[in-house]
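The next block holds one structure in the form of structure tokens; read it before the comments.
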Amino acid sequence: MGWFFGNNKGISKTHAEEIETLVEKITKLKEENKQLKETVDRYWNMYLTLKDGIINGVETAALDIPPYIINAYLLNMEIKYDIEYDGDYCRIISRQHTFTVSYRREFDTTKDNYNWINEGEALITLLLDNVSYSSQKHMIIKAPAFGIFESDNNKMIKMNEEICRIRIYPKEEEQKIKEQLERDAIKKAVLKKERKKMIERETLDELIDEGKVFNVITAKDGNRTTIPIDVANAVWNRDGGRCCYCGSKKDLEFDHIIPVSKGGATTFRNLQLLCHDCNLHKSNNI
């Protein structure tokens, strides 16, 4: 600065010191501005790297980016979706291109409403998949119509795939629809119960044919059931593991002394061991 002051003899020492101080401040500000620009450029490059990595399915943990930058980015992401009307249905479609989405139901499923939805009530909460809980952004969607909630999947829903749907019904049909759904639910439960019985009967028949189960009785309706094991063991020990008629130890079966068809009970006193041939010969006789 000496050349400057040397050519300006009229400038006082005080003014010269003020100018020198200002120049130092400007120089410092320029340096700080340069550092800020470098920081902005670094963060911008991190943002682009993070965005490209998410779009291309790269795990964020594999990116050389501070976690707080990743969390800040994810927290500001909006979960995108559309509502479309298609005939009798109102459909919610995912438009999220960087992540798959999942949802949880928000309406009360403990009541006997069989998934009836009222317009304007909380329907589902959308969640981004593969995002930590602390970075998770939740979005509650309200029901856009009255009707019955339906869904084929609630996990890992991709872009342009259906999240869920509502089969639209007028509000005044709510009670009728609920009653029909209740009947359908009862039918489904009965069918499930009968199917389970059928499978159990078929499995028992297979075990009998394989010789793995023999403590079996056949009721008058044709259904087979097993004799309680403690009763079967007591009868076996009492009869010595032999046919009570011929003494054979082969092809033994439990026989009701008083047949079930004539009111006989499945009890220790009313059961005996017979071989298959003797049991056929006895038939329903006492």
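Values in this text are rule-based calculations from the coordinates and carry no lab data. This one's a predicted model, so the numbers in the text were calculated from it and none came from an experiment. Note that each Cβ is placed from the backbone with ideal geometry, even for glycine, and that neighbours are counted across all protein chains shown.
Summary table
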item: By average C-beta atoms within 10 angstrom, highest first, the peptides 249-256, 237-244; result: 249-256, 237-244
item: Charge context of Leu36, other residues only, Cβ under 12 angstrom, K/R +1, D/E -1; result: 0
item: Net charge over other residues, Cβ less than 9 angstrom from the Cβ of Leu273 (K, R count +1; D, E count -1); result: -1
item: Amide hydrogen neighbours beyond the local backbone of Tyr81, cut-off 5 Å, H modeled; result: Arg95
item: Over 27 Å between alpha carbons, listed pairs Lys51/Lys158; Lys34/Lys80; Lys80/Lys155; Lys142/Lys171; Lys137/Lys171; Lys51/Lys155; result: Lys34/Lys80; Lys137/Lys171
item: Stretch gain in nm, segment Lys51-Asn160, where the contour uses 0.36 nm per residue and the Cα spacing is subtracted; result: 37.2 nm
